[in-house]
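Okay, so here's the structure we're looking at.
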Amino acid sequence: MRQKLKKTVVLVGMMGAGKTAVGTALARLLGVGFLDSDEEIVRAAHMSVAEIFARDGEPFFRARESEVLGRLLAGPPCVLSTGGGAFLSADNRALIAEKGVAVWLRADLELLWQRVRHKNTRPLLRAADPKATLAALLDARAPIYAEAGVIVDARAEYSIEDMAGQVIAALAARPDILEKA
């Protein structure tokens, strides 16, 4: 049975949690569009997130991220993947809560590390000890991510489709997000 999305589902969480992969599968299962806030910023700037960080700094990037979130949340209901730092802004959290629902894809340090350790596209992990940096980011961010309206635990044994199914089940437990189509 098809479910109809009443409001935008905003996936939040750490790099490596699966926001883009799960978001793509979730959008397909729900029959809605998928958007990635980082990709929207990259497209507008004609440079990668790492290049924006290097040239203009993180505060500049975060300001653009907030602008993009506001624009995307004003559109029709969809699945929206955000960068790992987007939900840290109180203004962004308030906007997401007003116009959509935040879903934290919660993953532990070891799972995140397995997924990001071979990628060089993560500007925040360009450090002497990237795993320690990832651990510190997770420790600092987890209490803020916990403010999300929905929390779904990622597990190493879950496929992308399994995770998308877990998200749909969590969304279905709330009366304000999905309706029978």
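Values in this text are rule-based calculations from the coordinates and carry no lab data. This structure is a prediction, so every number in the text was calculated from the model and none was measured. As a convention, Cβ positions derive from the backbone with ideal geometry for all residues, glycine included, and neighbour counts pool all protein chains shown.
Compute the length gained on full extension between residue 4 and residue 28: take 0.36 nm times their separation in residues and subtract their Cα-Cα distance, giving the result in nm to one decimal.
7.4 nm
Going by how many other Cβ atoms sit within 10 Å of their own, how do 37, 159, 66 line up, fewest first?
Numbers: 37 25, 159 11, 66 16.
Taking fewest neighbouring Cβ atoms as first place, the list is 159, 66, 37.
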- In units of 2.2 N^0.38 Å, what is the alpha-carbon radius of gyration of the range 1-92? 1.10
- Message: Can you order the peptides 90-96, 30-36, 78-84, 129-135 by their average number of other Cβ atoms within 10 Å per residue, highest first?
- Response: 78-84, 30-36, 90-96, 129-135
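Could you order peptides 150-157, 17-24 by the average number of other Cβ atoms within 10 Å of their residues, highest first?
17-24, 150-157
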- Listed highest first by mean packing, meaning other Cβ atoms within 10 Å per residue, what order do 161-169, 41-49 come in? 161-169, 41-49
